[in-house]
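A short reminder: the numbers here are calculations on the coordinates, not readings from a lab. Because the structure is predicted, anything quoted here is derived from the model rather than measured. Cβ placement follows ideal geometry from the backbone for every residue including glycine, while neighbour counts extend to all protein chains displayed.
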Amino acid sequence: MFKIAVCPGDGIGPEVIRQALKIVRRVGEVFHLVFEVEECLIGGSSIDQTGKPICSETEKIVQNSDAVLLGAVGGTQWDHLDIALRPERGLLAIRKLLHVYSNLRPVRIFPSLTANSPLREEIIRNVNLVIVRELISGIYFGEPKGIENLPGGQRRGFSTMSYTTEEVERIARQAFDLARRRKKKVTSVDKANVLDVSRLWRETVNQVHQSYSDIQLEHRYIDECAMRLVKSPSEFDVVLTGNMFGDILSDEAAILAGSLGMLPSASLGESIALYEPVHGSAPDIAGEDKANPIAAILCVAMMLENSFNLTDLSLVVERAVEDTLNDGYRTADIHQVGSDLVGCDKMGDLIASKIHQ
């Protein structure tokens, strides 16, 4: 039996998670597996019911699970709250709680969707890369941080970007290990020409690389890498970087696939992993059956592989998504002239129907 903690979250989160759970149930039925699912609160929904972006009950549930599936958090109705109480704090807290220091964000272009990308087909045709982002250190967690009042009515905001060698070593090892299962190439991204913390990052990555002589390692500055990612994305295989740079690059990479609704992610640590779509809560379309559930469904595929060691079944889910797209079905964000427009719920049903022995 596999225990899954499910945090639907806010906005379109509950809608896309419902479709992901259809896939979980279908995989269980077809392949005679038992998945135990327990739902819990996070983000704005948790604030509304408990006053906190993450509550002790949720913490207990996720810590007793084998994997966590999360929708999305946030919405304008909570923007008036102090930053320490906003929905996004629940997301940062659950990452820290589970100690998931490595975020994997695969970017794969389905052949039937090349026309959705703003880039020319010949540029994106062979794109298949993974961004490995350090997740629980760097500028989002560094101390000191805050806003202070200065003489003369001025104010100063400050955030600290810091990394220890241990934090860089563990994420670098994960990137190199992943590269061994792929094309054996790692691109480490930093700003070592300006930032001391990036110089430490680069030195440490080079030290770790000494134990991976079979892997090709290159270094790129964040600005140059951002340019190459849209100019020649097929150059990349495994992209290793810190928290803030990884946040920026992974969202930029979404343009390659034509929609954030296509991109899943996995946050890995020593034990329990967290799976969530790259997209946000999209409150403007929440409840309208317009959301694209494919990213959430591909999160299930990543969960089957990384948490449950069911790689063959992960491929079954990926093929179900590709077959459905090849049949011409599209949600609004990836709709093309001549394709069949369907809602979130229907897309989940269609993909689930493609899962078989």
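Go ahead and estimate [θ] at 222 nm for the chain from helices alone: -39,500 (n - 2.57) per DSSP H run with n ≥ 4, summed, over the residue count, rounded to 500. Don't skip to the end; give the middle numbers.
Details: 12 runs with 144 residues, N = 357.
Taken over the chain, the calculation gives -12500 deg cm²/dmol.
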Packing rank of 293-302, 251-260, 275-284, where each peptide gets the mean count of other beta carbons within 10 Å, highest leading: 293-302, 275-284, 251-260
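Order these peptides, 218-227, 34-43, by their mean beta-carbon neighbour count within 10 angstrom, highest first.
Numbers: 218-227: 15.9, 34-43: 18.4.
Highest mean packing first, the order is 34-43, 218-227.
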Ranked packing of 139-148, 194-203, most packed first, by mean Cβ within 10 Å: 194-203, 139-148
Set 290/354; 3/145; 22/60; 96/145 screened for pairs whose C-alpha atoms are more than 27 Å apart: 3/145
Span-rule helices in the chain, defined as complete DSSP H runs reaching 15 Å or more along the axis (Cα) with Kyte mean at least -0.5: 13-31, 87-98, 243-257, 294-306, 311-326
In nm, spacing of pseudo-spin labels at residue 164 and residue 148 (7 Å Cα→C-beta vector): 2.5
